[in-house]
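This report refers to the structure that appears directly beneath it.
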Amino acid sequence: NRRQLLCLSTLLNAIGEEEDQLLKEMLLSAFFSLLNNVSDFSSYRKTVGALRQVFARHDFQPKNTPCENNVWGTSVGMGCFETWIEAIILGKSFLKNPWDYSKGEKKNEKVFIDSLKSEYSLGCDSSTRMTLLRNSDFVITDPPYAGNVNYSELADFFYVWLRLILSKNYPCFAPEITPKAEEIIENPTRGKSATDYKNGLIEVWKRCNENLADDGLMVFTFHHSEGSAWESLLESLCNAGFVIEAIYPIHSESESSLHLMDKQAISYDLIHVCKKKVNFSEEKQRSWAGVRQEIRQKAREEIKVIESGRYGKEKLSPEDVNIILIGKCLELYSRHYGQIVDYKGEVVP
């Protein structure tokens, strides 16, 4: 609303006057986090007495009764500018003196790490053109979720503010809105088909394969309710020369924060651990009936472990059971990609 626009523009103008670029960007990181809590897309969560952020769901969801947050900070509320500045200071303190919780005899005691030195190289470009370190031991990424989340469109919510300051120093912030043509996504309204999505993933996986050491690991998370999305994911991985070494289900999303835009509440992500595939010619054919039986057995074992208390003792929903099954299917199928046949001897797609 107009009052929020006045407060935000006043704050951004003051941040722009900071001469130290490092401090300016620290202040901006608090500012763009603040934007998530200051608009007519924010609502009130009565059950916890707090504000619900704009992107509690990954879409623009209009509110009949918006909740207006105090931009600067008050004794109550959440996500104000003061709160985010404190979070940044805590983050910088951790960077200078990192620690973790002990799991030994003194469980949950803070253990400080003597040295944590690393060099980072930041860039802004399409993943299909990315330049990594040759023979990297790891590639860790988070691919787009097919048609579930339109990241570039959602990013404009923050981008249009940040570019007012950052375009002076970074050419990638020069356009008025984020570039969208190269986004790997399935979106018919933008002329992006499921085939475009799969082909885009293949190009990225190939680039990862080129830069990964022969014994290196590529790790990413993914979940989706649509079988076609999993099909695109598996085909793109295998066609780029990867095999899924292992898949680990991990409890991640809550029902109020869904990647999915449908009514199926999937609360599990699958962590995919992939390696380069070698010796394609040495693969022997396997029957789909045998592989299917093995998938079910391994899925039962995984579900038993989960329901025995890995994430609490709640019974898994049918949607989450399906995700576990899909994970085991991908894990086994990728190892025998192109060599699994039905009773007629025809390759199972």
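The values are calculated or read from the model by the stated rules, or taken from the named source; none is laboratory data. Just so it is clear, the model here is predicted, and its values are computed rather than measured. Cβ: placed from backbone, ideal geometry, glycine included. Neighbour counts: every protein chain shown. What goes into the accessible areas is simple: the full protein's heavy atoms, side chains included, and nothing from ligands, DNA or RNA. Shrake-Rupley method; radii C 1.70, N 1.55, O 1.52, S 1.80 Å.
What part of the accessible area of the chain, given as a whole %, is carbon or sulfur when the probe is 1.4 angstrom? Before the final figure, lay out the partial values.
Numbers: 11280 of 21280 Å².
Ligands and nucleic acids excluded, carbon and sulfur give 53 percent.
May I ask for the distance between the Cα centers of region 135-199 and region 203-247, given as a whole number of Å?
With region 135-199 and region 203-247 each reduced to a Cα centre, they are spaced 20 Å.
If I stretch the segment between Val160 and Ser9 completely, what's the gain in nm (0.36 nm per residue apart, minus their alpha carbon distance), one decimal? If you can, show how the numbers build up before the last one.
On the way: separation 151, 0.36 × 151 = 54.36 nm, distance 1.19 nm.
Full-extension gain reported as 53.2 nm.
Students sometimes get this wrong: rank Arg3, Arg292 by accessible area, probe 1.4 Å, all chains present, largest first. Spell out each step's value before the answer.
Details: Arg3 145, Arg292 100 Å².
Listed by decreasing accessible area, they come as Arg3, Arg292.
Would you compute, from DSSP H runs of 4+ residues alone, the mean residue ellipticity of the chain at 222 nm, taking -39500 (n - 2.57) per run and dividing by the full residue count, rounded to the nearest 500? Show your work: numbers first, answer last.
Details: 8 runs with 129 residues, N = 349.
After summing the helix terms and dividing by the residues of the chain, the value is -12500 deg cm²/dmol.
Quick one: accessible surface of Asp215, probe radius 1.4 Å, all protein chains present, in square angstrom to the nearest 10.
Roll a 1.4 Å probe over it and Asp215 shows about 120 Å².
Put His336, His272 in order of accessible area, largest first, 1.4 Å probe: what do you get?
His336, His272
Can you give the FRET efficiency for Glu25 and Ser308, using 1/(1 + (r/R0)^6), R0 = 41 Å, r = Cβ-Cβ distance, to the nearest 0.05?
0.30
Whose amide H sits under 5 Å from the amide H of Leu51, counting only residues 5 or more places off or on another chain, with H placed in the peptide plane?
Arg45, Met78
Taking the Cβ of Leu11 as the center, what net charge do the other residues with Cβ under 14 Å away carry, scoring Lys and Arg +1 and Asp and Glu -1? Display every interim value, and only then the final one.
Numbers: positive: Arg3, Lys24; negative: Glu17, Glu18, Glu82.
Charge balance near Leu11 sits at -1.
Kindly express, to the nearest 10 degrees and within the range 0 to 90, the angle between helix 2-16's C-alpha long axis and the longest C-alpha principal axis of the chain.
The helix 2-16 is inclined about 90 degrees to the chain.
Enter the accessible area of Arg300 (Å², nearest 10), with the probe set to 1.4 Å and all protein chains included.
Rounded to the nearest 10, the figure is 140 Å².
Can you give the accessible area per residue of the chain, in Å², using a 1.4 Å probe?
61
Report ³J(HN,Hα) in whole Hz for each residue of region 168-174, in order, from the Karplus equation J = 6.51 cos²θ - 1.76 cosθ + 1.60 where θ = phi - 60°; Gly and Pro get x.
Working through the residues one at a time gives 6, 10, 10, x, 5, 9, 6 Hz.
Can you tell me which of Ser102, Ser287, Ser29 moves the most in a GNM of the chain? Springs connect C-alpha atoms under 10 Å apart.
Top of the fluctuation ranking is Ser102.
Roughly how many whole Å is it from the C-alpha centroid of region 331-346 to that of region 1-38?
55
Return one number: the angle in degrees, 0 to 90 and rounded to the nearest 10, between the long axis of the Cα atoms of helix 288-305 and the longest principal axis of the Cα atoms of the chain.
The two axes meet at around 50 degrees.
Quick one: ranking Leu201, Leu6, Leu23 by accessible area, 1.4 Å probe, largest first, what do you get?
Leu6, Leu23, Leu201
Need one number: nm distance between label points at Lys96 and Asn199, each 7 Å from Cα along Cα→Cβ, rounded to one decimal.
So the two model labels end up 5.2 nm from each other.
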